[in-house]
Structure formats: C-alpha cells, structure tokens
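Data block below; observations after.
Laboratory data are not the source of any read-out in this text; all were calculated from the coordinates shown. Just so we're clear, the structure is a prediction, and the values are computed from it rather than from any experiment. All Cβ positions, even for glycine, are placed from backbone atoms using ideal geometry, and neighbour counts span all protein chains on display.
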Amino acid sequence: MIGARQVCLRILDRRMSKVCHVCAKGPSFGHSRSHSMVATNRRFDPNLQRVRIDDGGTPRRVYVCTRCLKAGKVTKAR
C-alpha cells in the first residue's frame, strides 16, 4: 500500500519542484511586512543544490537541501 506522502513525493519528483530529495523539505509560506505593517504574501524556498548522488550504484542528479548536505545524509557520486 502506497501512502499519500509517497504519492505526493513521486509527483513532486517528476516535476522537479523545489523539494529536497532526502528530507522532502519544500517551500513554506508567510508574509512580508512593510514599514506600515501591510502583509503581502511571500514564499520561503529551501536552499537546494543540484548534486550528483550515488543512488544504489547509479549516479543521478537530484536536488538536496544544504542542511542534508552538511549533515552527511547524502553520498556524492564521483
């Protein structure tokens, strides 16, 4: 049985959206506040880098957030 999260990640992975391949961190939304405190919508994107990883012996290029890269959750391909 495939969960809703796995289906969502498969769809997002196909479109190459701004989602981390390792932790599935995506954009979050909030407001920009001007000096007069007017709220305008904005989007906070994760810091994603396109890297070559070793995925089961096969090198492939995926988007990984810098937090996962620094933590060593990914093995880079040569």
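Summary table
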read-out	value
Sites residue 76 and residue 40 - FRET efficiency at Förster radius 30 Å, r taken between beta-carbons, to 0.05	0.20
Set of lysines with alpha-carbon distance to residue 25 below 17 Å, sequence-local pairs under 8 removed	70, 73
Stretchable slack from residue 55 to residue 28, in nm (0.36 nm times residue separation minus alpha-carbon distance)	7.0 nm
Protection proxy ranking of 23-34, 45-56 - average other beta-carbon atoms within 10 Å, highest first	45-56, 23-34
